[in-house]
1. Assess whether residue A:104 counts as being free of Cβ contacts under 8 Å to residues at least 24 places away in the same chain and within 14 Å of chain B (Cβ to nearest Cβ).
2. Among the listed residues A:220, A:242, which satisfies the condition of being more than 25 Å from residue A:28 (Cβ to Cβ), more than 10 Å from every other protein chain (Cβ to nearest Cβ) and either at pLDDT 95 or above or surrounded by 24 or more Cβ atoms within 10 Å (Cβ to Cβ) (or both)?
3. Residues that are at the interface with chain A (Cβ under 7 Å from one of its Cβ atoms): list the helices (runs of 4 or more DSSP H) wholly contained in region B:64-172 that include at least 2 such residues.
4. Among the helices (runs of 4 or more DSSP H) lying completely within region A:235-322, list those that include at least 2 residues that are of a type in the set (Gly, Ala, Ser).
5. Restricting to region B:83-111, what's the tally of residues that are under 13 Å from residue B:65 (Cβ atoms) and open to solvent by 20 Å² or more (accessible area, probe 1.4 Å)?
6. Give the number of residues within region A:272-319 that are within 26 Å of residue B:152 (Cβ to Cβ), of a type outside the set (Phe, Trp, Tyr) and more than 14 Å from chain B (Cβ to nearest Cβ).
7. Against the conditions (1) at positive phi; (2) over 17 Å from the mean Cα position of the chain (by Cα); (3) of a type in the set (Gly, Ala, Ser), where does residue A:197 fall short? Just the number, please.
Amino acid sequence: MANKRYAYYSGCSLEGTAVEYDKSVRLIFDALGVDYIEPEDWSCCGSTPAHTIDHVFAAALAARNLSIIEKMGLDTVAVPCPACLMAFKKAQYFMEKDETFKEKVNELLDEKYNCGVYAKSTLQVLYEDVGLDEITKRVTHVIPDMKVAPYYGCITNRPPKLAQFDDPENPISMDKILSAIGIEVCDFAFKVECCGAAFGVPKKDMVNRLSAKVISMAIEAGANCIAVACPLCQQNLDLRQEQINKTTGSNFNIPVLYFTQIMGLAYGYSPKELGLDKLIVSADNFVHSRLTKEQHELLKQEQEKGKKKEVKKQETQEEENP
Amino acid sequence: MKTINLTESTDWNFIEEVKKESGQDPSLCYQCGNCTAGCPYSNFFDYPVSQVMRLIQTGQKETILTSKAIWLCATCETCTTRCPCEIDVAHIMDVLRIMARRENKVSEKDIKTFYDSFLDSIKKFGRLYEVGTLISYNLRSGHLFTDSDLGPKVLAHNKIHFLPKKIRGSEKVAKIFERYQESLKKHG
């Protein structure tokens, strides 16, 4: 871990509507000693629109970035956004598999890409490379009231042939990370169900309906907040939550946080540092109920004392009135 | 239910084209329906994804390329993940979209307009300019007030940049677009 240096490709969303994801990933990487560097002058990965035009073209938009990273002498790129991740993984897969495809892609690029960069999600870097032990060690705070539904989204772990990480139907990496920092994780059936993805603008109603299912399943599972690892999921569930309520007649008011923001809360960072002010549905109640580990320990002891007193009282009462 | 005369309407070339462009073999599909059962969009599709696969097998080019289904697919990869024959169904859907664009048969104009607005932003600035993409979509699609309800929210939470961030290498990105257009002219 100590010697490994990652390229960190934040992607376009993390400069705009998902700036809090970028902030919190960087904080968590710093806290856990992940050495990363942003590739200079990176460009858009092409995302969903590019692969409706042509696969070579789409791969070229992605590979321009991989080529920059390769020239920096790095072999792994950490990617917080699943759409960017999949764009990189698809470009890599087709270029490695098919020499003609690779040549065609390189013909579109100024700097050739030689397929030397492996893309990993931020989630994968934290889960596999940093590891749960290190993640637990850094914890300073407890959020006793939080019950989280871990929502991975559709393409963080799928398709398995490309993702090469965790389970495609019932992933557990985010569950385990959140448990490792002391958060109660709900058994959530819609972990990988699609929220409506990039159709929010042209097909609002459809997206609202799909997102509504995700939220209602989370609530049914007993969650009072949702953890995400994707800027588009966050936007569809949080920014569009009022739209969802209008479209489906629901009455949701559930905070949707990036899993890295939740880690940041457990690591004692301030709401401002974690960009919690960027959330449309406020998560402030978790900040207010947050305790340091010591405070939490004291509280637990007091509660136990209280319980013992209660038991004693009952025992004496029973003795007096058998 | 619509009856299809296969003797008259099967386009054998189309079957071969899909095979070649996707690198997949649609004839492996035995209509188990696993893809459709898992597809979050089945409710919104005119042809559920397993029927799209069947329509490919029977060479129903026009029906498929003018369908809404191929554009409403979000590439969520559920079908690909669950296909027992390991067909990359989502990739085939992608190939169908590309073909529909090429033949100017796109049924879901708004989705195409959104994608085009997105790509224009990349060509101009090298990265996505969210506000510009939305404005461009609203003007081009004629749906002037799309997501105008979100405006106050993103403003109040300071979530957007009003001005685009142009990267230094934006010309290099634009060149990818240009070279791609040239390659189309060369190879047809």
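1. On the way: free of Cβ contacts under 8 Å to residues at least 24 places away in the same chain: no; within 14 Å of chain B (Cβ to nearest Cβ): yes.
Criteria not met by residue A:104.
2. Working: A:242 fails: more than 10 Å from every other protein chain (Cβ to nearest Cβ).
Result of the check over A:220, A:242: A:220.
3. Values: elements: B:69-72, B:78-82, B:89-102, B:109-125, B:130-141, B:151-156.
In region B:64-172, B:78-82, B:89-102, B:109-125, B:130-141, B:151-156 are the helices (runs of 4 or more DSSP H) which contain 2 or more residues that are at the interface with chain A (Cβ under 7 Å from one of its Cβ atoms).
4. On the way: elements: A:241-248, A:259-266, A:284-288, A:293-320.
Of the helices (runs of 4 or more DSSP H) lying wholly inside region A:235-322, those with at least 2 residues that are of a type in the set (Gly, Ala, Ser) span A:259-266.
5. The total comes to 6.
6. Restricting attention to region A:272-319, the residues satisfying the condition of being within 26 Å of residue B:152 (Cβ to Cβ) are A:272-288.
Going one step further and asking which of them are of a type outside the set (Phe, Trp, Tyr), we end up with A:272-285, A:287-288.
Remaining after also requiring more than 14 Å from chain B (Cβ to nearest Cβ): A:273, A:285, A:287-288.
Residues in region A:272-319 being within 26 Å of residue B:152 (Cβ to Cβ), of a type outside the set (Phe, Trp, Tyr) and more than 14 Å from chain B (Cβ to nearest Cβ): 4 in total.
7. (2)
Yes or no, residue by residue, for (1) open to solvent by less than 90 Å² (accessible area, probe 1.4 Å); (2) among the charged types (D, E, K, R); (3) modelled with pLDDT under 95; (4) within 15 Å of residue A:143 (Cα to Cα):
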| position | (1), (2), (3), (4) |
| --- | --- |
| A:269 | yes, no, no, yes |
| A:273 | yes, yes, no, no |
| A:277 | yes, yes, no, no |
| A:280 | yes, no, no, no |
| A:283 | yes, no, no, yes |
| A:302 | no, yes, yes, no |
| A:311 | yes, no, yes, no |
| A:316 | yes, no, yes, no |
| A:319 | no, yes, yes, no |
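The values are calculated or read from the model by the stated rules, or taken from the named source; none is laboratory data. From a predicted model like this one, the values you see are computed outputs, not experimental measurements. Glycine gets a Cβ as well: all are built from the backbone with ideal geometry, and neighbour counts include every protein chain shown. Surface accessibility is based on the protein's heavy atoms, side chains included, excluding ligands, DNA and RNA. Shrake-Rupley method; radii C 1.70, N 1.55, O 1.52, S 1.80 Å.
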